[in-house]
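A short worksheet on the structure shown next.
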Amino acid sequence: QVQLVESGGGLVQPGGSMRLSCAASRSIASIYAMGWYRQAPGKQREWVATVTSGGSTNYADSVKGRFTASRDNAKNTVYLQMNSLKPEDTAVYYCNAAIGVGGSWGQGTQVTVSS
């Protein structure tokens, strides 16, 4: 297993940008897929983006073209750059490492997009 800690959330105005970080307790170089998910109030957790060990990325349609996922294996850290933020992006954002049954999850970081 691996422990994950997200950071970088907060309050941002619509149209603004924010970068989330996810620091892992050990090397993530051997973890094929690292993902970002989010959960808005009253809604189920949804997948946002995945970045593979080779740097390939996939995104949910709702964030495609606005969000960019990346990883720095040397720093054991995964990032989510979020641009052109919308109020509907408001949620708790979680990092996930696709290892073991169900993977490993961080505690989440709140992102609020509001004027």
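The values are calculated or read from the model by the stated rules, or taken from the named source; none is laboratory data. This structure is a prediction, so every number in the text was calculated from the model and none was measured. Every residue, glycine as well, gets a Cβ built from its backbone with ideal geometry; the counts of neighbours run over all protein chains shown. The protein model used for the area step is the full one, side chains on, heavy atoms only, and it has no ligands, DNA or RNA in it. Shrake-Rupley method; radii C 1.70, N 1.55, O 1.52, S 1.80 Å.
Points to keep in mind about this one:
- Count of residues meeting criterion [more than 9 Å from the chain's Cα centre (by Cα), surrounded by 22 or more Cβ atoms within 10 Å (Cβ to Cβ) and at pLDDT 95 or above] in segment 18-38: 1
- Odd one out for R66, checked against (1) surrounded by fewer than 18 Cβ atoms within 10 Å (Cβ to Cβ); (2) closer than 18 Å to W105 by Cβ: (2)
- Test for V78: is it in contact with a Cys (Cβ under 8 Å, 6 or more places away or on another chain) and not in a helix (DSSP H, G or I): yes
- Which listed residue, of Y59, Y79, Y94, is open to solvent by less than 50 Å² (accessible area, probe 1.4 Å), without any contact (Cβ under 8 Å) to a residue 12 or more places away in the chain and either out of contact with any helix residue (DSSP H, G or I) (no Cβ under 7 Å at 6 or more places or on another chain) or of a type in the set (S, T, N, Q) (or both): Y59
- Enumeration of residues in segment 97-108 that are open to solvent by 20 Å² or more (accessible area, probe 1.4 Å), within 14 Å of the chain's Cα centre (by Cα) and not aliphatic (A, V, I, L, M): W105, Q107
- Residue tally, condition at negative phi, in contact (Cβ under 8 Å) with a residue 60 or more places away in the chain and in a strand (DSSP E or B), over segment 1-36: 15
- Summed over segment 81-104, the residues that are of a type in the set (K, R) and not in a loop (DSSP other than H, G, I, E, B) give a count of 0.
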